[in-house]
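Since every read-out is calculated from the coordinates, none of them should be taken as a lab result. This structure is a prediction, so every number in the text was calculated from the model and none was measured. Using ideal geometry, Cβ is built from the backbone for each residue, glycine included, and neighbour counts are taken over all protein chains shown.
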Amino acid sequence: MDKLIITGGRALSGEIRISGSKNSGLPILAATLLADEPVHICNLPHLNDITTMLTLLRCMGVGVTIDERMCVEVDASLINDFTAPYELVKTMRASILVLGPMLSRFGVANVSFPGGCAIGSRPVDIHLRGLEAMGAEIEVDGGYIRARSNGRLKGAHIFMDTVTVGGTENLLMAAALAQGTTILENAAREPEVVDLANFLVAMGAQIEGIGSDTLTIHGVERLTGCTYPVMPDRIETGTFLTAAAAARGRVLLKDTDQHMLEAVLLKLEEAGAFINTGKDWIELDMKGNRPKAVNLKTAPYPAFPTDMQSQFTAMNAVAEGTGTVIETIFENRLIQIHELNRMGASIKLEGNTAIVTGVERLKGAPVMASDLRASASLVIAGLVADGETVVDRIYHIDRGYECIEEKLQLLGANIRRVPS
Ligand code: EPZ
């Protein structure tokens, strides 16, 4: 397994381009199963989870052609196998997102039951109950979700008990080709859900309330091909901004959008960052100052995103003062604090709250990544620690960040990848 070797102490400075969004690209690639013509998806990030989703589509017989700029042509009419196998689903639980579109377009879907992961149990009960409300017959057998529908799914009025991004996306995709109207209440409003809805509309879907917590979908008979660029990655954007804030630097991020992470930008300004924005760029300048500790509580969009929690925990670890970090979405998403404490951080865990008292400098150490965003927090910690930090198991990072060490090198970081 590759490792990242980081020698900390440099302020980040420079400019980089933000890649397309992983969490928008994944549902959009799943949604291509709904079209009965080839679909072109552009601005996909070149990272492992996207490759896994393309592999999953291919293993079902779907036509997938990739050009050198990671624009992908998908032709679902070639599908010949309606099974998402355990071998792939166990490496990426977002494979569950093929369930809704495959069932709605083809009347059948067998998807390996996604297990939990380091951050939580990650149930899919809301996905399954919603599809049953639309007329699907679902059984779980031998570790697989086996779903069938007699003819087209039927529109239904569905209230989701918990705000779920994946649940909203699966049911939104299924409803696009259902017979009649579906209302999804308490729907997730994340920008990635909006991007998926806009993609479905580009293929001919009829959706009202995009961006709100109530989506009304009037099912249509068929969806056509289109060309669609996925939105910029707001979590990659937030990660690099937070790294620059922790490292007291100044960065310019291009090909991004300030409107998809307003809660994060406000928190960074609270930490003492000076932020300028333009149509497709964001600049952060700490003017060489140490960040101030901030309090935050994760919650569904437009509140502070859980995917930015561990990065801010790392920034708080070297900030002036004490900040509390409350994680309300996943039951085990504060695990990175143990590795941060091994680097000299002063973090106390009380239930779902981390109380972070900033220290002037962390100390480099060998650390181990446990999940995607926790890995990012360890990289940020390594950038601001004295001495050398070795981050092991960085396959977690490669799932969600495109060329992270190259981008950090462009910002002046002393970081390199070594095969282990
Ligand atoms: C998506 O995961 C993202 N992944 C996650 O990003 C992100 O952290 C999460 O949304 C929350 O914003 C992708 O988009 C591929 P949820 P998802 O369903 O859809 C509970 C990253 O780092 N729940 O919104 O799996 C669940 O237990 C990843 O890029 C049910 O109870 O998250 C959790 O407590 C990590 N029943 C809460 O909802 C269900 O049927 C939110 O989960 C579904 C979810």
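Cα axis of helix 22-31 to longest principal axis of the chain: angle in degrees, 0 to 90, nearest 10? Relative to the chain, helix 22-31 is tipped by roughly 10 degrees. Net length available on complete extension from H259 to E132 is 42.2 nm, with 0.36 nm assigned per residue and the Cα-Cα distance removed.
Comparing mean-square fluctuations of P232, P101, P302 from a GNM of the chain with C-alpha springs under 10 Å, the top value falls on P302. Run through the stretch 140-246 and list the trypsin sites (Lys or Arg not before Pro) located in a DSSP loop whose Cβ has at most 13 other Cβ atoms within 10 Å. Of the trypsin sites (Lys or Arg not before Pro), the ones in loops of the stretch 140-246 whose Cβ has at most 13 other Cβ atoms within 10 Å are R222. Compared with the dominant Cα axis of the chain, that is its longest principal axis, helix 191-202 is turned about 30°.
Under 1.5 on a/c is rounded, so check that first for the stretch 155-300, then, if it is not, pick prolate when a/b is larger than b/c and oblate when it is not; a ≥ b ≥ c are the square roots of the alpha carbon gyration tensor eigenvalues.
prolate
Relative to the longest principal axis of the Cα atoms of the chain, the long axis of helix 372-383 makes an angle of roughly 20 degrees. In the stretch 155-199, whose amide N lies under 13 Å from the spot 7 Å out along Cα-to-Cβ of S212? List them in ranges. What the label zone holds, given the 13 Å backbone N cut-off, is 183-187. For the stretch 16-106, the list of GluC sites (Glu not before Pro) that fall in a loop by DSSP and count at most 11 other C-beta atoms within 10 angstrom reads E68. Please name which of H396, A369, I217 has its Cα lying farthest along the dipole of the chain towards the positive end, using unit charges on Cβ (Lys, Arg +1; Asp, Glu -1) and the Cα centre as origin. With unit charges placed on the Cβ atoms, the residue in question is A369. Judged by the gyration tensor of its Cα atoms, with axes a ≥ b ≥ c, the stretch 253-322 is oblate; a/c meets the 1.5 cut and b/c is at least as large as a/b. Kirkwood hydrodynamic radius of the stretch 65-220, from the reciprocal of the average inverse Cα-Cα distance over all distinct pairs: 15.9 Å.
A helix-only calculation puts the chain at -9000 deg cm²/dmol for mean residue ellipticity at 222 nm, using -39500 (n - 2.57) for each DSSP H run of at least four residues, averaged over all residues. Under a no-solvent Debye model with one identical scatterer per Cα of the chain, what's log10 I(q)/I(0) at q = 0.07, 0.12 Å⁻¹? After summing over all Cα pairs, the log10 values are -0.33, -0.94. Under 1.5 on a/c is rounded, so check that first for the stretch 68-109, then, if it is not, pick prolate when a/b is larger than b/c and oblate when it is not; a ≥ b ≥ c are the square roots of the alpha carbon gyration tensor eigenvalues. Note, shape of the stretch 68-109 comes out oblate. Inter-label distance, R17 to T357: 4.6 nm, where each label sits 7 Å from its Cα along the C-beta direction.
FRET efficiency for A202 and R58, Cβ-Cβ distance as r, R0 = 25 Å, nearest 0.05? Present the calculation step by step, with values, prior to reporting the outcome.
Details: r = 23 Å, r/R0 = 0.93.
Given R0 = 25 Å and the Cβ-Cβ separation, E is 0.60.
Would you mind checking the pairs K22/K279; K22/K90; K90/K363; K90/K407; K254/K363 and listing those with alpha carbons more than 25 angstrom apart? Where the Cα-Cα span goes over 25 Å, the pairs concerned are K90/K363; K90/K407; K254/K363. For the stretch 274-358, the set of GluC sites (Glu not before Pro) satisfying both a DSSP loop assignment and a count of at most 14 other C-beta atoms within 10 Å is given as E331. Taking a sphere under 13 Å around the Cβ of S104 and counting the other residues whose Cβ falls inside, with K and R at +1 and D and E at -1, yields a net charge of +2.
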